[in-house]
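Asks: Got a structure here, written out as structure tokens. Questions coming.
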Amino acid sequence: MNPTVLLVIVLICGVELSFTRVIAANVLVILVGLVIMLFRRANWRSYLRLFLLPLLPALGVWFSLAYFSVGHDIHFAWVLATRIYAYSFLGAIFTFSTTISETLASLEQNAHIPTTFVYGMLAALNFVPKIRSEVQKSKVSAQMRGITLHFWSPQLLFKGILAALNWSENLAEAMTSHGFAENQPRTHYSVIQIPWWNYLVSILVLAIFQMFIFTGLP
Amino acid sequence: MHEQKSNAWHLRDVILLTLTAILTGVIYFGVVFLYNGLTALLTPLGLAPFGNDLILGLWTMAAPLAACLLQKVGSATIGEILASAVEAILGGQWGISTLISGFVQGFGSELGFTFTAYKRYDMFSLSLSALTTTIVTFTWDLFREGYAAYHGWMIIALFFTRLLSIWLFGALLVHAVVSLLERSHMLRAE
Amino acid sequence: MSYIDITDLTFSYTKQGPLVLENQQLSFQQATFNVLTGPSGSGKSTLLRLLCGLFPQYTGHLQKGQILIDGENIADMDISKRAQKIAMLFQVPAEQFAMPTPRQELIFTLENMRIAPEQMDQRITQAFDFTGISEFADREFSSLSGGEQQKVALAIILALDADTILLDEPFANVDPEARNFLLHRLKQLVSNRGKTVIIADHDLSDYQQLADYLYVMEPTQKQIHLATEAEMQQRFLSFEQNRHQQISISLPDQTDTAEFKLRDFSTGHQKVLLKQANFELMKHHLTVFTGPNGVGKSTLFNSLTKLQDYQGSLTWENNEIAKLKVKDYSRHVALVFQEPISQFLKVTVAEELELSLHNQYDHAWTKERVRDTLADLGLTGFDDHVVYMLSEGQKRKLQILLMLIMGVPTLLLDEPLTGLDLVSVHKIMQLLQQAVRNEDKTVIMISHQLTDVADYADYHISLHEKELSYEASL
């Protein structure tokens, strides 16, 4: 599937899930997610992660609805608990079907998101390790002056943003020097298209999903 | 104090906001463990949503920060969407659904600056923005998190917990950081 | 008319602020190798950024004047055309790439130039071959050394096929081998392909055989001038002569106690830079630590201060450093960072001084002593100034003073003399020497400048071919 098309489907389903009270729809999303993961030969760690990470929030919401909802609505408690899993699997459906760079390329070529956003984000994402060490450096440096910085200390963000201001300037200059002009046409080494059957599948998927939501399933 | 800034989005702005989003992610990564611990503690009592609302301010900081750094129409919304995209890409807990909540949070925060006509980026605007963020995200969570199903007292308590958290991080802390930046003359002012 | 013509150029960073260049007239000839020199922070990189149009696009105000390249005004060119005329290789290797790998960065660049996809592979292969980077074309930038990254940056400029190549202090993080390789490739580009090279460097070594012209920045006059043949030879010569005359220096003996011990130690950010079976760093002395760029001196300091992981054993007072808590350890061993601003936590000079005075460990510094030292360093009257707005030299002096006031027993300094004038160098060295002699501190400092440092040093260690050793001369 084309990443943009997939993203649109996933986002529509995500919004719809937020407003429905159908356990079956949540379970459907979870099952589809599992099938895609099986098909993509996900390793056991991914399954474990997807099972464990939502566990606590799901339990949390189940208990609080069971105790404190008007009329101790157990059905709704199950809706919410499975919904949290459904959100996670919606994410999995997407991440196991495509990659970040493919998605960004598709958003540029198919969804026509301004290139300034696509490449600005992409460039900044390479700085994750540098940002980590900068935060670490700020903490150690403060310690050497007799100060302990906590996550709520303004200095931590302040020092980080100072570095970010400098990096954003350097990166933007370098990208300009490499010929990047904001929102100007570019050629593409690998052209990404939306095959006709993508539309067909989308309509089918969304139709089935509506059937689950609106036909009075529990 | 500031001249009205152009509303065009330049490469440098996008990079800066994405870097800032990653930065907040890195700084608050540890807090996720705190959140999990808190939720685990509160779950058997049926009070887990309070854990969520107590730290929600951390996830909504990107919007007011972006608004103050760039002072453009839409910077809060776009800043928070970028932050949630970063979160989704770097493997946040909720993947794609963070994109949706990112939009809702950004929009909520944006209103605070819209109501002050994008002219003020002081404690007043930031507090107003904290209030609009709370109202918008809370309304959304009445459906999404099923808050509407709770008893009245719990809904009210959750609302004020959330307001407190968003004000502490999104107004008080952001204001402290922005004051430091302004005093140091490192924001591109002219 | 010359290939590049600068007329009446006047530039400042802020509208009313001080001028960096004033009424500058300058020209560059096609197919020549040009070196631009001058003190660091004097405006060399400003000129390069003006030449390729990044200024005033990103920063500053062009008060008047124009730059013509090949008869065309740089201000009127669109960005992709500009990039094909004149491209830049930047000072910080890692901060010039938008994509994760060299190949992707090259593709990104060619896409920007609107090159047809079917022509891309050929251009990429040629650029990779010329710069010798094919073997790591698909590795992530974060795993490449400074020298490798600068080779990639050159490959990109070749793929752009830019006529003029600008280089802004490109060798600060580059090891000597890579520097040599890059310099000779650049010379080839000038003689065989008619490219014009303009390189800003404060270090003039190795340029005598390569340079056709030398340009000199005079910051006091806000002017750059073309050196005459005689001046050029004279400058190259005096640079060689000013090179440090070695003096002999003692080696550690049995009376010394070791503070840090390395056993089967290795460390390195991208690859192993340092591999040491056995070594000791001595207490209560002033040790100067030398070695070429990019070989791992800072990396060792980072390991010593828990900012970088290591393998094997590294101990402080017989405690394994990896096991020490930052909070306790930093009361004993502290780093004066290479970038002064990394040391700052507050906004004004007075606030910074107040913080160090308040938190100092042995209360050896009184307000009066601080005031006198400030006067000695020429920092009087800056109390209300914002630390980030000080000149590079002022930042550096303040940074060192802040850490001296803290009174931590062991101070590691990473190139503390960069950008300081001669008077300041001596003042700082005196302060460091006093700390060692009178207050029993340990000082270990990385330095490239040796001429005025040797007299103050007790010991000299050098890092060469991944190994540390004590030297009998400095």
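The values are calculated or read from the model by the stated rules, or taken from the named source; none is laboratory data. Note that the coordinates shown come from a computational prediction; the quantities given were computed from them, not determined experimentally. All Cβ positions, even for glycine, are placed from backbone atoms using ideal geometry, and neighbour counts span all protein chains on display.
Asks: (1) in contact with a strand residue (DSSP E or B) (Cβ under 9 Å, 6 or more places away or on another chain); (2) surrounded by fewer than 19 Cβ atoms within 10 Å (Cβ to Cβ); (3) touching a residue at least 24 places away in the same chain (Cβ under 8 Å): which one isn't true of residue B:135, the others all being true?
Replies: So residue B:135 meets the others, but not (1).
Asks: Still on this model: Quick one: residue B:52 ticks every box in (1) free of Cβ contacts under 8 Å to residues at least 60 places away in the same chain; (2) under 27 Å from residue B:147 (Cβ atoms) except a single one, so which number is it?
Replies: All conditions pass for residue B:52, except number (1).
Asks: Let me ask another. Here's a check for you: in the stretch C:92-125, which residue that is touching a Ser or Thr at 6+ places or on another chain (Cβ under 7 Å) and not β-branched (Val, Ile, Thr) is surrounded by the fewest Cβ atoms within 10 Å (Cβ to Cβ)?
Replies: Checked the stretch C:92-125; the qualifying residue surrounded by the fewest Cβ atoms within 10 Å (Cβ to Cβ) is C:116.
Asks: Please work out if residue A:24 is more than 10 Å from every other protein chain (Cβ to nearest Cβ), in a helix (DSSP H, G or I) and modelled with pLDDT of 90 or more. Show your work before the answer.
Replies: Details: more than 10 Å from every other protein chain (Cβ to nearest Cβ): yes; in a helix (DSSP H, G or I): yes; modelled with pLDDT of 90 or more: yes.
Yes; evaluated as a whole, the condition is true for this residue.
Asks: Further question: Is it the case that residue A:79 is surrounded by 21 or more Cβ atoms within 10 Å (Cβ to Cβ) and either closer than 30 Å to residue C:109 by Cβ or more than 10 Å from chain B (Cβ to nearest Cβ) (or both)?
Replies: So residue A:79 does not fit the description; no.
Asks: Hey, could you check the stretch C:363-390 for residues that are touching a residue at least 40 places away in the same chain (Cβ under 8 Å) and of a type in the set (A, V, I, L, M) and say which is nearest to residue C:422 (Cα to Cα)?
Replies: C:377
Asks: Mind telling me which of the residues A:81, A:86 ends up being in the same structural domain as residue A:31 (by TED's automatic domain parsing), within 16 Å of residue B:52 (Cβ to Cβ) and either among the aliphatic types (A, V, I, L, M) or part of a helix (DSSP H, G or I) (or both)?
Replies: So the residue among A:81, A:86 that is in the same structural domain as residue A:31 (by TED's automatic domain parsing), within 16 Å of residue B:52 (Cβ to Cβ) and either among the aliphatic types (A, V, I, L, M) or part of a helix (DSSP H, G or I) (or both) is A:81.
Asks: Let me ask something else. Answer with yes or no whether residue B:186 is touching a helix residue (DSSP H, G or I) at 6+ places or on another chain (Cβ under 7 Å) and within 9 Å of chain A (Cβ to nearest Cβ). I'd like the intermediate steps shown before the answer.
Replies: Numbers: touching a helix residue (DSSP H, G or I) at 6+ places or on another chain (Cβ under 7 Å): yes; within 9 Å of chain A (Cβ to nearest Cβ): yes.
When the stated conditions are applied, residue B:186 passes them.
Asks: Let me ask something additional. Can you tell me which of (1) within 21 Å of residue C:302 (Cα to Cα); (2) within 14 Å of chain A (Cβ to nearest Cβ); (3) in contact with a His (Cβ under 9 Å, 6 or more places away or on another chain); (4) surrounded by fewer than 18 Cβ atoms within 10 Å (Cβ to Cβ) is the one residue C:317 doesn't meet?
Replies: Only one criterion in (1) within 21 Å of residue C:302 (Cα to Cα); (2) within 14 Å of chain A (Cβ to nearest Cβ); (3) in contact with a His (Cβ under 9 Å, 6 or more places away or on another chain); (4) surrounded by fewer than 18 Cβ atoms within 10 Å (Cβ to Cβ) is unmet by residue C:317, namely (2).
Asks: Between A:36, A:12, which is more than 10 Å from chain B (Cβ to nearest Cβ), surrounded by fewer than 16 Cβ atoms within 10 Å (Cβ to Cβ) and either part of a helix (DSSP H, G or I) or under 18 Å from the mean Cα position of the chain (by Cα) (or both)?
Replies: Being more than 10 Å from chain B (Cβ to nearest Cβ), surrounded by fewer than 16 Cβ atoms within 10 Å (Cβ to Cβ) and either part of a helix (DSSP H, G or I) or under 18 Å from the mean Cα position of the chain (by Cα) (or both) holds for just one of A:36, A:12, which is A:12.
Asks: How many residues does the stretch B:44-100 hold that are more than 10 Å from every other protein chain (Cβ to nearest Cβ), outside any helix (DSSP H, G or I) and touching a Leu at 6+ places or on another chain (Cβ under 8 Å)?
Replies: Number satisfying all stated conditions: 0.
Asks: Something else now. Residues that are surrounded by fewer than 16 Cβ atoms within 10 Å (Cβ to Cβ) and either at pLDDT below 95 or not aromatic (Phe, Trp, Tyr) (or both): find the strands (runs of 3 or more DSSP E) completely inside the stretch C:396-474 holding 1 or more of those.
Replies: By residue number, C:459-464, C:467-470.
Asks: Would you be able to tell me the number of residues in the stretch C:162-206 that are part of a strand (DSSP E or B) and among the polar types (S, T, N, Q)?
Replies: Qualifying residue count, the stretch C:162-206: 2.
Asks: State whether one or more residues within the stretch B:6-15 are under 22 Å from residue A:80 (Cα atoms), part of a loop (DSSP other than H, G, I, E, B) and more than 7 Å from chain A (Cβ to nearest Cβ).
Replies: no
Asks: Something else: Which condition number in (1) in contact (Cβ under 8 Å) with a residue 60 or more places away in the chain; (2) surrounded by fewer than 24 Cβ atoms within 10 Å (Cβ to Cβ); (3) closer than 23 Å to residue A:90 by Cα is the one that residue B:89 fails?
Replies: The single condition residue B:89 does not satisfy is (1).
Asks: Being surrounded by 23 or more Cβ atoms within 10 Å (Cβ to Cβ) and more than 12 Å from chain C (Cβ to nearest Cβ) is the requirement here; does residue A:171 meet it?
Replies: So residue A:171 fails the test.
Asks: Grab the helices (runs of 4 or more DSSP H) fully contained in the stretch C:297-388, keeping just those with 1 or more residues being among the small types (Gly, Ala, Ser).
Replies: Result: C:297-304, C:349-359, C:367-376.
Asks: Which is among the aliphatic types (A, V, I, L, M) and within 13 Å of chain A (Cβ to nearest Cβ), of C:374, C:417, C:411?
Replies: Details: C:374 fails: within 13 Å of chain A (Cβ to nearest Cβ); C:417 fails: within 13 Å of chain A (Cβ to nearest Cβ).
Residue meeting the stated conditions: C:411.
Asks: Within the stretch A:191-210, is there a residue that is at the interface with another protein chain (Cβ under 8 Å from one of its Cβ atoms) and out of contact with any Asp or Glu (no Cβ under 6 Å at 6 or more places or on another chain)?
Replies: Within the stretch A:191-210, one or more residues are at the interface with another protein chain (Cβ under 8 Å from one of its Cβ atoms) and out of contact with any Asp or Glu (no Cβ under 6 Å at 6 or more places or on another chain).
Asks: Based on this model, can you work out whether residue A:109 counts as surrounded by fewer than 16 Cβ atoms within 10 Å (Cβ to Cβ) and touching a residue at least 60 places away in the same chain (Cβ under 8 Å)?
Replies: no
Each row is one residue, and each column tells you yes or no for (1) touching a helix residue (DSSP H, G or I) at 6+ places or on another chain (Cβ under 7 Å); (2) within 14 Å of chain A (Cβ to nearest Cβ).
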position: C:121; (1), (2): no, yes
position: C:138; (1), (2): yes, yes
position: C:141; (1), (2): yes, yes
position: C:147; (1), (2): yes, no
position: C:151; (1), (2): yes, no
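Asks: Suppose we filter the stretch C:368-390 for residues that are more than 21 Å from residue C:430 (Cβ to Cβ) and either surrounded by fewer than 16 Cβ atoms within 10 Å (Cβ to Cβ) or not hydrophobic (A, V, I, L, M, F, W, C) (or both); how many remain?
Replies: Matching residues across the stretch C:368-390 total 6.
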